């Protein structure tokens, strides 16, 4: 299962109003480390049931990238109850990403 695509149109319903924590992967197609993390994020999306997993393309969604002050990609963020509770910048292992969801 792939991570869902998050846009400014579904951000409020899928992320802010989610009853589960949401792992967000901020990425871009031209970013090498993003391409390394992407399949891991998709794998996690297919495995976890206690959280949602989404991806935000910073080139297509500059408003969301700006809202979260994304300066480097990939950036991973966990949102719970509408607030950022965990972030990591750069490529991370599956284990590290999963540990971010232990909130």
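I'm trying to understand the selection: among the residues of region 15-62, which are closer than 17 Å to residue 83 by Cβ, assigned to a helix (DSSP H, G or I) and either without any contact (Cβ under 8 Å) to a residue 24 or more places away in the chain or within 12 Å of the chain's Cα centre (by Cα) (or both)?
Selection gives 15 alone.
Would you be able to tell me the number of residues in region 1-14 that are exposed (fewer than 12 other Cβ atoms within 10 Å of the Cβ) and touching a residue at least 24 places away in the same chain (Cβ under 8 Å)?
Qualifying residue count, region 1-14: 1.
Go through (1) exposed (fewer than 13 other Cβ atoms within 10 Å of the Cβ); (2) modelled with pLDDT of 95 or more; (3) part of a loop (DSSP other than H, G, I, E, B) and name the single condition residue 102 misses.
It is condition (2) that residue 102 fails.
Quick check, is residue 2 closer than 23 Å to residue 95 by Cα, over 10 Å from the mean Cα position of the chain (by Cα) and not in a strand (DSSP E or B)?
Taking the combined requirement at face value, the residue satisfies it.
Being over 15 Å from residue 5 (Cβ atoms) and in a helix (DSSP H, G or I), is that true of even one residue in region 65-85?
Our first condition is that a residue be over 15 Å from residue 5 (Cβ atoms); within region 65-85, this holds for 66-85.
Subsequent filtering for residues that are in a helix (DSSP H, G or I) retains 66-67.
Yes, there is a match, as at least one residue in region 65-85 is over 15 Å from residue 5 (Cβ atoms) and in a helix (DSSP H, G or I).
For residues in region 38-69 being out of contact with any helix residue (DSSP H, G or I) (no Cβ under 8 Å at 6 or more places or on another chain) and surrounded by 15 or more Cβ atoms within 10 Å (Cβ to Cβ), which is farthest from residue 97 (Cα to Cα)?
Selected residue: 61.
The values are calculated or read from the model by the stated rules, or taken from the named source; none is laboratory data. Only a predicted model underlies this, so the values are computations on that prediction, with no experimental measurement involved. So basically every Cβ, Gly included, is an ideal-geometry build from the backbone, and we count neighbours across all protein chains shown.
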